Amino acid sequence: MSVITTSQLESLCSDVVEKLVRLKINFLAIDFDQTIVDVHTGGRWKESTSELAKHVRPAFRHLIPMAMSRNIRIAVVTFSPQTGQIREVLEIAFDSSISDSMPIRGNDKTWTYTGNGLRLGKQEHMASAAEELMTRPMLGVTDVKKNTTLLIDDDPRNIKKCLRDGTRAVWLNPMDPNRFLDDILLLE
Ligand SMILES: [Mg+2]
């Protein structure tokens with residue numbers, strides 16, 4: 001695993017956002033457990049949310065605000081039912097202007113996706129979050145499509161299902177958690 005300073009990470013994230021803009025990606029769907037945070041809660045986190053917020057990976061502390069400032073919308077897509085806790089973690093880790101504009105889709109039975117898209121893996125979570133973003137015109141998103149969406153997830157099974165469904169995806173390797181940034185720079 002490569003060691004990286006904060007300023008190197010910032011400049012890498014800035015390059016990544018420019019790359020996303022060039023690729024016309026307007027929607028980042030990001031997994032929570034072992035992706036945004038460096039732990040797996042198993043959907044059963046018992047400690048405080050402020051403790052969990054300390055586990056937000058540095059890459060996302062930089063990438064999420066930078067991407068939003070370029071009009072890229074972001075949602076959390078997770079199989080965890082603890083979406084209330086995830087919402088609190090986002091509120092602690094980010095400015096409210098950022099956390100408030102991030103939909104969360106988890107397995108909390110608060111939503112159902114009724115569109116025609118695939119229900120495998122994270123596909124329905126992404127489709128449902130994209131629908132919400134498109135109904136919030138103040139966010140400036142008019143059209144989120146499969147080819148303008150990118151999933152970031154540590155579970156290779158979700159990555160495979162996503163790619164099979166024609167949506168872009170990059171794997172976050174928990175053993176080398178900044179590597180996905182380089183992988184985004186390699187996307188075509
Ligand atoms: Mg995960």
Residue list for segment 6-45, restricted to those being closer than 21 Å to PRO174 by Cβ and either assigned to a loop (DSSP other than H, G, I, E, B) or in contact with a Gly (Cβ under 6 Å, 6 or more places away or on another chain) (or both) = ASP31, ASP38, VAL39, HIS40, THR41, GLY42, GLY43, ARG44, TRP45
Helices (runs of 4 or more DSSP H) wholly in segment 48-150 with at least 1 residues that are more than 25 Å from LEU12 (Cα to Cα) - which ones?
-> 49-53, 83-93, 123-134
Which condition does ILE92 not pass, out of (1) in contact (Cβ under 8 Å) with a residue 40 or more places away in the chain; (2) in contact with a strand residue (DSSP E or B) (Cβ under 8 Å, 6 or more places away or on another chain), if it passes all the others?
-> (2)
Of all residues in segment 1-34, which are more than 15 Å from LEU181 (Cβ to Cβ) and among the acidic types (Asp, Glu)?
-> ASP31, ASP33
Of (1) under 24 Å from GLU18 (Cβ atoms); (2) polar (S, T, N, Q); (3) at pLDDT 95 or above; (4) surrounded by fewer than 18 Cβ atoms within 10 Å (Cβ to Cβ), SER96 fails just (1)
Residue among SER14, SER2, SER48 that alone is of a type outside the set (Lys, Arg) and modelled with pLDDT of 95 or more = SER14
Check whether at least one residue in segment 124-134 is under 17 Å from THR35 (Cα atoms), without any contact (Cβ under 8 Å) to a residue 60 or more places away in the chain and within 16 Å of the ligand (Cβ to nearest atom), and report yes or no.
-> no
If you take the residues in segment 7-49 that are over 16 Å from the mean Cα position of the chain (by Cα) and within 11 Å of the ligand (Cβ to nearest atom), which one is surrounded by the fewest Cβ atoms within 10 Å (Cβ to Cβ)?
-> GLY42
So which residues in segment 58-77 are more than 21 Å from THR148 (Cβ to Cβ) and within 12 Å of the chain's Cα centre (by Cα), if there are any at all?
-> ALA59, ARG61
Look through ASN158, ASN173 and report the one residue that is within 24 Å of VAL56 (Cα to Cα), in a loop (DSSP other than H, G, I, E, B) and within 13 Å of the ligand (Cβ to nearest atom).
-> ASN173
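The values are calculated or read from the model by the stated rules, or taken from the named source; none is laboratory data. Quick caveat: nothing in here was measured; it's all calculated off a predicted structure. Note that we place each Cβ from the backbone using ideal geometry, even for glycine, and neighbour counts take in every protein chain shown.
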